[in-house]
Structures are given as structure tokens and as C-alpha cells.
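Peer 1: Provided herewith is a single structure, encoded as C-alpha cells, for subsequent inquiry.
The values are calculated or read from the model by the stated rules, or taken from the named source; none is laboratory data. These figures come from a predicted structure and were not determined experimentally. Accessible surface areas use protein heavy atoms only, side chains included; no ligands, DNA or RNA. Shrake-Rupley method; radii C 1.70, N 1.55, O 1.52, S 1.80 Å.
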Amino acid sequence: MTAAPAIKGWCPTLLAPMPSGDGWLARVKLASAKLSAAAAGIIAGAARRHGNGHIDLTTRANFQIRGLTPRSAERLADIFIGAGLASSDPSLEAIRNVVTSPLGPDDEAAAFDSHAAARDIQAMLGAEPALQALPAKFGFLVDGGGALPLVGSTADIMVRAFSGKLAVQLDGGTLVALSSPLALAETVKALALAFLHLSWERREPPRRMRAVVLGRGEEAIFDAAELTSVPMPSAPVTDAPSAIGFVSYSDRGEGSFGVGLPFGRIEAEALSKLAELSERYGDGSLRTTPWRALLLSGIKEAAVPDLADEVRDEVTALGLIADNADLRLHSFACVGAPSCESASVDARGDANRLAATLAPTRNRTLHVSGCAKACAYRGPAALTLVGRDGRYDLIRNGSAGDKPALTGLSIDEVIALLRPGEGQRP
């Protein structure tokens with residue numbers, strides 16, 4: 001019988017790595033979503049020398065380096081801190097959780113410079129000692145809109161454009177505090193301090209803003225922060241635009257070329273190659289996203305008519321995704337066994353097999369979880385498989401916590417059931 005999965009209440013950082021089934025893992029958090037080709041090369045080289053070469057891109061657009069030892073994790077931290085990719089302050093690294101729009105000021109359609117705003121928030125976090133008490137999972141989001149808005153992404157405190165100003169919203173709430181760009185960091189600080197103040201009044205302090213919003217009401221939080229709040233009009237529900245392939249963000253014919261990372265994984269060699277491609281075709285930078293994709297930016301489409309096709313061929317050769325029809329773009333899988341001690345199945349390898357079996361459909365979502373924790377994806381999917389004792393429970397049109405339609409299936413039985421013409425389709 002598989003033991004109950006261990007629930008961790010913290011996230012690894014560069015200076016506080018976490019043990020896993022394939023060694024220790026550490027995270028690199030960028031100051032904004034922009035990474036120079038040189039910095040990408042440093043990350044890839046260090047992951048290869050000091051880890052096992054596997055790199056994950058998380059939903060917070062962090063790089064996660066796997067296969068470390070306690071000693072090599074120290075060397076890795078020294079390299080990244082020396083390259084300016086991280087702070088040497090462990091307390092700051094723990095709370096420096098800011099997700100921002102990938103294109104930043106390069107996107108002419110963006111409402112404001114999200115990268116500058118993200119840097120201001122991170123500087124504020126480093127300057128306010130009281131905020132070191134924030135829970136490790138507490139995060140911030142800065143969405144400038146434009147060509148690639150952060151549709152569907154949330155965080156404890158979110159910043160978006162509204163009526164010519166910046167609207168600061170709480171997760172789970174419908175009110176906002178309006179701010180100018182110059183006052184944004186102070187507005188965010190006031191809300192973060194209010195969260196801490198109201199949390200300390202409870203016997204078991206909550207780890208996330210949503211819990212305080214539900215428990216005390218968002219008005220109490222804005223009042224504690226001494227901020228005036230107004231209702232945020234509901235935005236029409238729209239699908240997130242695809243970041244894969246060429247996306248124009250400038251009237252000058254410039255754009256980005258998005259590359260999908262299967263299940264968020266990229267090998268060190270492939271990251272090095274993408275860095276080279278960014279220098280050859282673009283502006284010499286990569287952009288991180290919360291969508292398991294990296295962007296090559298500054299690509300001039302008009303200069304070389306078949307440029308996108310050339311880049312697409314290079315990307316496919318690296319084992320990455322450049323086709324919007326690829327089912328892996330809508331598939332979620334944790335690392336699984338043996339890399340995770342909580343898992344009893346090879347979730348990622350089995351998800352790859354399923355993606356190759358099922359017909360590509362943009363609306364189909366596949367989730368394969370190595371255990372009941374469902375770390376890779378919390379929402380419902382057309383097909384969810386949950387590992388248990390080396391086999392799978394199958395849930396149709398639901399999430400990992402829902403009642404399974406079938407239990408105790410091997411991956412071969414699942415594939416036989418779902419293969420076109422041989423069984424029911426999800």
C-alpha cells in the first residue's frame with residue numbers, strides 16, 4: 001500500500017533547496033520575465049554541471065533545477081548569486097514571488113510597463129523587514145495586458161490596468177485599490193502588511209490571501225491598509241491567446257516566437273540552444289511565462305519571410321513544442337516516480353504516451369498525477385488519471401479529488417480504452 005503523500009507547506013528557493021526523489025531541487029526567480037542569452041547559458045551550464053540537467057519551468061515562471069546534492073546546491077547558489085540572478089538574503093528569496101507579463105515594455109499594446117512595476121515590488125519587499133514574515137507561497141502578479149495578457153492567472157495580490165490607473169486586487173475579491181505607477185509599491189506593501197496583521201489575530205494564521213478574504217471580508221483588509229476600494233467591473237471571459245509560434249507585439253513587425261516545454265520540462269542542452277537561437281534570430285533574450293513556454297523576443301518577421309518556419313524547425317529538433325495542435329500544450333503531469341517520492345507511477349512518461357495516442361484537440365485537457373496531491377494541476381480536465389499503488393484511477397470531466405469512473409487501471413489498459421476505435425473517448 002502506498003503511503004499517504006506528504007504535503008509540504010513551503011516552496012524551495014535557491015538558498016533553501018528541497019529534497020526529492022531525484023536529488024535536491026532549487027528554484028531561480030527572475031527579477032522580471034526577461035532573461036538574457038548569457039544568463040540562460042549560465043543557468044543551463046550550472047544545471048548540467050551541478051544537477052542532472054533537468055530544468056522545470058514552474059507556473060510562477062521560475063526555473064527549477066533538479067538532481068542536486070546538498071554540496072552542489074551550495075555551488076549552484078554561489079554561481080547564480082554571483083551572476084545577479086538571485087539575492088544572497090534567504091528571507092528575501094523566500095518571498096520574492098512576483099509573476100509578470102512576459103513581454104513587458106516591448107509590447108506596444110500593453111497598458112503599462114509590467115516589468116518596471118515588478119521590479120519596484122521586489123525592491124519594496126527587500127526594503128521592508130516586516131514582510132519577511134509572509135508565507136513562502138504568498139505571491140504577487142503584475143499583468144500589463146497587451147498581446148499576451150495573464151488571462152486565468154491569479155496570485156494573492158494582483159495588479160492590472162483599470163481606467164487609466166493600476167488596479168490592485170486581492171485573490172478571491174471583487175474590489176480594487178487604484179494607484180499610480182509611482183505609488184504602486186507602497187499600495188502593495190500596505191495590503192501585504194494588512195494581510196499579516198489580520199492573520200496574526202487568528203489562532204492558525206492562514207497562508208494565503210484568499211483565506212483572509214473569505215474569513216474577514218476584503219473590506220476589512222483594505223480598511224486595515226488604509227486604502228479606499230472600489231468595485232472592479234467583471235471582465236468578459238475570454239480564452240488566453242496562444243503564446244506558441246509567432247506573436248506580433250509591434251507595428252514595426254517585431255514579435256516573439258513562443259516555444260512550449262512538454263509538461264514544463266526542458267533539458268539544459270535545449271535551453272543553451274534556445275539562448276543561441278535568441279541571439280541568431282532575435283534580440284538575445286528569452287522571456288519566461290506561467291504557461292510552460294519560453295519566448296524568443298525581438299524577432300523581425302518582415303526581414304526574413306520564412307523566419308518563423310526556420311525557428312520552428314530548430315525548436316522541433318530540440319524536442320520542444322512549436323505546434324498549437326500539440327496535445328501536450330493542454331496536458332499536465334507532475335514529475336512522477338521515481339523523481340518524486342510521493343508518486344507510485346511514472347506520471348510524466350505515461351502522459352507522453354497518452355498525448356501520442358489521443359487525437360489532438362484544442363479543447364481537450366489531460367491531467368496525469370503521480371499521487372492524490374495533484375501538484376501539477378488543480379482544475380478539472382476532460383481526462384484525469386491519479387496514481388495509486390502503481391496503477392491509475394480514471395476521472396472523466398473532473399479533477400483529481402472527484403470520484404473516479406474506473407479504478408486500478410494500468411497505463412496499457414488506459415491507452416487501450418482511449419485509443420480511437422478501441423474504447424470510449426473522454
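Peer 1: Can you tell me the accessible area per residue over the stretch 220-314, all protein chains present, probe 1.4 angstrom, in square angstrom?
Peer 2: Accessible area per residue: 45 Å².
Peer 1: From the helices alone, meaning DSSP H stretches of at least four residues, give me the mean residue ellipticity at 222 nm for the chain, per-run term -39500 (n - 2.57), in deg cm²/dmol to the nearest 500.
Peer 2: -9000 deg cm²/dmol
Peer 1: Right, another one. From the cross-link list K34/K189; K34/K137; K165/K189; K137/K189; K34/K373; K29/K373, which pairs have alpha carbons spaced over 26 Å apart?
Peer 2: In this structure, K34/K373 exceed 26 Å between Cα atoms.
Peer 1: Kirkwood Rh over Cα pairs of the stretch 73-145 into Stokes-Einstein at 10 °C, 1.306 mPa s: D in µm²/s?
Peer 2: 118 µm²/s
Peer 1: Could you sort V151, V98 by accessible area so the largest value comes first, with the probe set to 1.4 Å?
Peer 2: V151, V98
Peer 1: Right, here's the next one. Any idea of Y281's accessible area? Nearest 10 Å², probe 1.4 Å.
Peer 2: Surface accessible to solvent at Y281 totals approximately 40 Å².
Peer 1: Still on this structure, please answer the following. With a 1.4 Å probe and every protein chain left in place, tell me how much accessible area I321 has, in Å² to the nearest 10.
Peer 2: Per-residue accessible area (I321): approximately 0 Å².
Peer 1: Taking H as built 1.01 Å from N, whose amide H comes closer than 5 Å to the amide H of G398, not counting residues under 5 places away?
Peer 2: A381, T384
Peer 1: In Å, the Kirkwood hydrodynamic radius of the stretch 152-300 over pairs of distinct alpha carbons?
Peer 2: After inverting the pairwise mean of 1/r, the radius is 18.1 Å.
Peer 1: Got a number for carbon plus sulfur as a percent of the stretch 106-209's accessible area, 1.4 Å probe?
Peer 2: 52 percent
Peer 1: While we're looking at this one, here's another question. What is the Cα centroid distance between the stretch 53-75 and the stretch 330-393, reported in whole angstrom?
Peer 2: Between the Cα centre of the stretch 53-75 and that of the stretch 330-393, the gap is 21 Å.
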